[in-house]
Structures are given as C-alpha cells and as structure tokens.
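Chemist: I am attaching a structure below and will ask some questions about it afterwards.
The values are calculated or read from the model by the stated rules, or taken from the named source; none is laboratory data. It should be emphasised that the depicted structure is a prediction, and the values quoted were computed from it without experimental measurement. Neighbour counts are summed over all protein chains in view; Cβ atoms, including those assigned to glycine, are modelled from backbone coordinates with ideal geometry. Ligands, DNA and RNA are excluded from the accessible area calculation, which covers all protein heavy atoms including side chains. Shrake-Rupley method; radii C 1.70, N 1.55, O 1.52, S 1.80 Å.
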Amino acid sequence: LQTHSLSLSLQAKMSRPVQARRLEGIDKNIWVEFVKLAATYSTVNLGQGFPDFPTPDFLKEAFMRALSGENHMLHQYTRAFGHPPLVKILAQYFGKLLGRDLDPMTNVMVTVGAYQALFCCFQAFIDEGDEVIIIEPFFDCYEPMVKMAGGMPMFVPLRPKAPKDGKLMSSADWQLDPDELASKFSKRTKAIVLNSPNNPLGKVFSRGELVLIADLCVKHDVLCISDEVYEWLVYDGKEHIRIASLQGMWDRTVIIGSAGKTFSATGWKVGWAMGPNRLLQHLRTVHQNSVYHCATVAQEAVAQGFQRELELYGKPESYFVQLPKELQQKRDWLVQSLDAVGMKPIIPEGTYFLVADISEFKSDVPDVPDSEPYDSRFAKWMVKNKGLAAIPLSAFYCEAHKNNYNHFIRFCFAKEEATLKAANDILQKWKGEKTSP
Ligand code: PMP
C-alpha cells in the first residue's frame with residue numbers, strides 16, 4: 001500500500017508547463033531586484049519613487065475619520081467603478097481643469113493605483129497584433145502590459161541635444177524627432193502612451209510637442225493613454241498641459257492619475273482613469289471582472305482630500321501649490337550636490353526624479369564587456385560599496401535599446417532634508433576619495 005501511494009504521489013507531481021504564453025519574456029522585473037538590493041545594502045535610498053516625508057495631516061485625519069467614524073458602511077463594498085463621493089469630486093475638480101462637464105458615473109473610474117488604470121486600458125483596447133507606441137525612456141510596466149494584452153510595443157526615443165555654453169542639461173533638451181515619431185504610426189497602431197511629466201527624465205512636454213502627438217493621433221485615428229500621475233509636480237513656472245484638452249483629443253484619450261503621487265500616499269493605491277464614456281465603458285468591463293474596486297476607506301479619505309483642495313484651489317495653502325514648491329527646493333539641492341561632485345544632473349522640469357550622468361565615475365566601476373548594461377552594474381556597485389541606492393536609466397528602455405543610454409542613473413528626490421543631506425555626504429566623501437592621491 002505504501003509503495004502504491006508513493007508512486008501515486010510521484011505521478012501527482014505536475015510535469016506539464018504551467019506558464020501561460022502571454023508571460024513569456026516578461027518575468028524579469030527591475031523593481032524586485034533593486035528594491036531588494038536597496039533593503040540589503042543602502043543607507044540612503046534614492047531609488048524607488050516614493051516620499052519618505054509624511055503624508056499631509058489633513059489626509060491622514062480624513063482616513064482616520066473614515067476608519068473610526070459613525071458610518072460603518074465605509075468598511076464594506078462600495079460602488080465597483082468608484083466610491084460615489086470620490087468620483088463626484090474628481091469629476092468636479094478635473095471638469096474645472098479641463099473646462100468640460102464630466103459625468104462622475106461614466107467619465108471617471110477609480111482604480112487600484114494608476115497601475116491598474118494602465119492595465120485596464122491595455123486589456124480593454126489592445127488586440128493580438130495591435131501596435132502601441134511607447135516613448136523612451138518609459139515607466140517600465142508599459143511594455144509588459146502591452147505584451148500581456150497581445151500587443152506589439154513600438155519604441156520611439158527622446159533624443160538628447162547637448163546644451164550650449166557648457167550649461168547643465170535640462171529634461172527639455174530630450175526631444176522627439178518629429179519624422180521618427182511619424183514613421184512609427186501605421187494602420188496597425190492602436191494607441192500611443194504619453195507620460196508627461198515623464199518618469200524617469202522629469203520632462204514636461206511642451207504644447208508644441210503635444211500638438212505634434214495629437215495631430216498624429218487624429219490623422220491615424222489612434223488612442224492616447226495619457227499617464228499624468230505627476231501632474232502637480234512641475235517646476236520653474238512650467239505648465240502641465242493635458243493632451244485631452246487639445247483639439248480632437250478628448251474623444252480618444254484616457255487620462256490616468258494617482259492619489260499616491262498627488263497626496264504623497266503611494267501605499268494607499270488609489271488611482272483613476274478619466275475620459276469619454278465610449279472608452280471608459282470598456283475599462284469598466286475589465287475592472288468589474290478583475291479587481292472590482294479598491295478600499296472604500298481610502299477612497300473616502302481621498303475624496304475629502306480633493307474636497308479640501310477644491311476649496312483652496314490656487315491658494316497658497318493648497319497642497320497642490322505647496323508640494324511642488326517644496327519639491328523644487330529639494331530638486332535644487334540634489335542638482336547642486338551632484339553637480340559639485342561631477343555627476344552631471346539633467347535638471348528635471350517636473351516629477352520627483354532626476355537623471356544624472358555617471359561618465360566621470362567610470363574609473364571606479366570599469367566597463368568590462370557584459371550583457372548587463374553598464375549603468376545597471378554601476379548602480380549595483382554603488383549601493384553595495386557606497387550605500388547609496390539609485391535606478392539605472394537602462395531599466396526604462398526596451399531590451400534592444402538598453403545599451404544606447406547606459407551611463408545615467410535615476411535618483412528620487414521626494415525625500416526628507418536629512419536623507420538628501422546624507423546622500424550629499426556620501427557623494428562628497430566619494431569625490432574626496434577619488435581626488436586624494
Ligand atoms: N505611472 C507612472 C509614470 C509612475 O511613475 C507610477 C508609479 N511609480 C505609476 C504610474 C503607478 O502609480 P500608482 O502607485 O498610483 O499605481
């Protein structure tokens with residue numbers, strides 16, 4: 001009997017391949033590796049994009065009121081496509097920004113972070129063989145999400161132009177070549193993904209650049225998935241322009257936002273998608289049949305956060321006015337620290353990221369031929385030997401282009417003054433070691 005049950009249990013062990021074909025080639029993930037390295041070795045983590053300063057009190061208090069208040073229904077399911085108070089205030093707030101009446105029930109959908117809004121878009125719109133244009137460098141999940149939906153990502157790079165007079169480069173110096181962009185549009189193109197302000201460069205697309213993209217979308221009847229999670233984080237008086245507000249674009253654009261980035265509460269995972277019902281109805285199908293909805297209490301608190309912001313619209317006390325001011329100062333500190341040691345920063349116009357050129361530090365981590373891009377080996381060496389965590393820029397390029405821009409690393413500056421100071425100390429000490437005999 002014993003031999004029989006042993007042979008049965010051996011037979012019961014699965015031997016057939018289990019992985020669905022759609023996961024082929026997308027199993028590696030930069031964040032798993034770098035988050036682990038940062039946790040193991042870093043003393044100063046400027047890697048992953050999240051603030052280490054506190055979430056604003058008004059938002060935490062709203063959460064606590066929702067959690068412990070009289071309305072015990074806030075602990076139960078709410079409306080699948082968004083908690084009514086949240087979709088209502090989002091429609092009101094963004095309706096004001098976009099200059100159009102938004103219907104909270106059909107033009108807005110709440111998601112589990114911007115991540116899920118992106119996932120819903122690709123699942124809802126992309127068929128086998130459809131092409132999706134992605135602008136490099138890009139937030140890394142766009143590529144696997146397109147592939148999982150059966151689509152073909154088509155990459156077009158932002159090309160850097162050296163600034164004149166030895167000035168520091170700005171993210172505005174990274175631009176699309178209009179002919180190259182136009183050449184990526186074809187009959188098979190279903191959508192383009194736009195991310196302005198852009199992670200990782202911090203580029204804020206100008207009106208001219210957006211008009212170029214919009215005209216191509218209209219000409220080729222293409223959808224625009226517009227990831228605007230850093231919409232409030234623009235500096236030096238720059239303006240964030242919503243591509244959906246350009247002629248012919250509302251009808252073909254899904255705007256994606258994130259309460260995590262908006263209110264410095266990335267762990268809450270509240271995001272949203274906005275657009276015409278013609279598009280959003282398909283996002284609702286994916287959402288209804290996958291996630292259903294995100295935590296009611298968090299949605300209630302975010303609704304109250306937006307209510308406050310509507311009341312303080314444009315005033316100095318508004319968080320959306322204060323946060324970019326504080327972050328611009330942090331950006332300037334980090335720019336100065338990096339520039340002082342010769343790790344040339346590319347000044348970002350927006351977001352809380354900054355990309356820096358590591359060329360002058362190459363002697364510390366020799367460039368031996370390897371399949372791993374140089375910047376990736378450099379970032380690993382830096383966290384292990386200097387305790388400073390950053391993300392290699394090649395992580396934001398497709399496989400074929402990873403070695404084209406492999407001497408840059410990305411820092412996140414949404415950090416406390418003490419964290420940025422500790423980073424500065426590491427850089428100064430490192431520079432000292434390099435120059436001393
Ligand atoms: N889009 C971009 C460009 C991002 O940088 C991020 C987060 N790093 C997201 C989407 C995801 O946002 P969320 O945390 O709200 O899911």
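Chemist: With the convex hull built on the Cα atoms of region 177-251, state its orientation-averaged projected area in nm².
Modeler: In nm², the orientation-averaged hull projection of region 177-251 is 5.2.
Chemist: Right, another one. Under the rule of at least 5 residues apart or a separate chain, name every residue whose amide H is placed under 5 Å from the amide H of G82.
Modeler: Amide H neighbours of G82, under 5 Å, 5+ apart: V110.
Chemist: Take region 328-377, compute every pairwise Cα distance, and split them into 5 Å bins from 0; I just need the percent in each bin.
Modeler: Cα pair-distance distribution for region 328-377, in percent: 4, 20, 24, 18, 15, 12, 7, 1.
Chemist: What accessible area per residue comes out for the chain, rounded to a whole number of Å², with a 1.4 Å probe?
Modeler: 46
Chemist: Please identify the longest segment of the chain free of exposed GluC sites (Glu not before Pro), where exposed means a DSSP state other than H, G, I, E or B and no more than 11 other Cβ atoms within 10 Å.
Modeler: The longest uninterrupted stretch comes out as 318-437.
Chemist: Please label the shape of the chain as rounded, prolate or oblate, based on the square roots a ≥ b ≥ c of the eigenvalues of the alpha-carbon gyration tensor (a/c under 1.5 means rounded; beyond that, a/b larger than b/c means prolate, else oblate).
Modeler: Rounded, since a/c falls under 1.5.
Chemist: Right, here's the next one. Go through K190/K261; K187/K380; K13/K402 and tell me which ones have a Cα-Cα distance over 30 Å in this structure.
Modeler: Checking Cα-Cα distances, K187/K380; K13/K402 exceed 30 Å.
Chemist: Here's a follow-up. In terms of the ratio Rg/(2.2 N^0.38 Å) built on C-alpha atoms, what value belongs to region 139-227?
Modeler: 1.16
Chemist: Give, to the nearest whole percent, the P(r) tail of region 57-312 beyond 28 angstrom, counting all Cα pairs.
Modeler: So the portion of pairs separated by more than 28 Å is 33 percent.
Chemist: Still on this model: Mean residue ellipticity at 222 nm from the helices of the chain, using -39,500 (n - 2.57) per DSSP H segment of n ≥ 4 over the full residue count, to the nearest 500 deg cm²/dmol?
Modeler: Counting only the DSSP helices, I get -12500 deg cm²/dmol.
Chemist: Here is a further query. Of the heavy-atom accessible surface of the chain (probe 1.4 angstrom), what whole percent is carbon and sulfur?
Modeler: Exposed carbon and sulfur together represent 52 percent of the surface.
Chemist: Could you list, bin by bin from short to long, the percent of Cα-Cα pairs of region 349-437 in 5 Å steps?
Modeler: Once binned at 5 Å, the Cα pair distances of region 349-437 give 3, 13, 22, 26, 18, 11, 6, 1, 0.
Chemist: So, one more: Would you mind checking which residues have amide H under 5 Å from L223's amide H? H placed 1.01 Å from N; only 5 or more apart, or other chain.
Modeler: A191, I192
Chemist: Using the structure shown, list the pairs from K96/K238; K164/K184; K164/K429 with a Cα-Cα distance above 25 Å, or answer none.
Modeler: Over 25 Å Cα-Cα: K164/K184; K164/K429.
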